[in-house]
Structure formats: structure tokens, C-alpha cells
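The values are calculated or read from the model by the stated rules, or taken from the named source; none is laboratory data. None of the values given here were measured: they were computed from a predicted structure. Neighbour counts are summed over all protein chains in view; Cβ atoms, including those assigned to glycine, are modelled from backbone coordinates with ideal geometry. Accessible surface is based on the protein model in full, side chains and every heavy atom, while ligands, DNA and RNA are left aside. Shrake-Rupley method; radii C 1.70, N 1.55, O 1.52, S 1.80 Å.
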Amino acid sequence: QMYKGFEKLKDVQYVYTPFDSSLCGVKLEANNKKQYLLTGQILSDGKVLIHLCNYIEPWDDLSLSQKKSLNQRYQMGCGCKVS
């Protein structure tokens, strides 16, 4: 897991999205333990919101270069926590 924004939120238990795609809602496969790279926003009430305008990609679909950059190089340039 990699989170940027720990000053606003210590842990993420739930990610929220609108009900369906006509409202920009995102459908994720949650029952087969698929991993995703998600971008979104933290709302004022602490909820993490994602929608179709965010970058959302299955982890296995990323290139080796993208994975390496996220796992190794990304932390060098940001105040985020990578685990």
C-alpha cells in the first residue's frame, strides 16, 4: 500500500465511489483479491472518494517500469509512506 496524505488520514478502511458509471462510479473486482493502483481525493469528512476521472488501473496491467517507479523511485520525491 502506498498512501499520500497521511497528515489528513492515518489509515484507509473504505474507498467510496458514486453508485453507478452514469454518476462516474467505479466498479472494482473486490472478491478475487485483485490489486489496483487508485488515485482519488480525501473529503472533508475523511472519506476517500474515487470516480471515473481518477487514474484507476489493475496492478497487474502496469508496466514493469511503472511498478518499479512506484515501489522505489516515487518515495524519493514525495512526503508519502510506501509499504
Query - Test set (1) free of Cβ contacts under 8 Å to residues at least 24 places away in the same chain; (2) hydrophobic (A, V, I, L, M, F, W, C); (3) open to solvent by 100 Å² or more (accessible area, probe 1.4 Å) - residue 53 fails condition number - result: (1)
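Which of the residues spanning the range 6-40 are among the β-branched types (Val, Ile, Thr), modelled with pLDDT of 85 or more and either assigned to a loop (DSSP other than H, G, I, E, B) or over 19 Å from residue 55 (Cβ atoms) (or both)? Please lay out each step first, then the result.
So the first thing to find is which residues in the range 6-40 are among the β-branched types (Val, Ile, Thr), and the list is 12, 15, 17, 26, 39.
Remaining after also requiring modelled with pLDDT of 85 or more: 15, 17, 26, 39.
Scanning the range 6-40 gives 17, 26, 39.
Test residue 61 against the criterion of being acidic (Asp, Glu), open to solvent by less than 80 Å² (accessible area, probe 1.4 Å) and at pLDDT 85 or above, and give yes or no. Spell out the reasoning first.
Numbers: acidic (Asp, Glu): yes; open to solvent by less than 80 Å² (accessible area, probe 1.4 Å): no; at pLDDT 85 or above: yes.
No; evaluated as a whole, the condition is false for this residue.
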**Report entry** Sole exception among (1) modelled with pLDDT under 75; (2) under 21 Å from residue 15 (Cα atoms); (3) not charged (D, E, K, R) for residue 43, by number
**Finding:** (1)
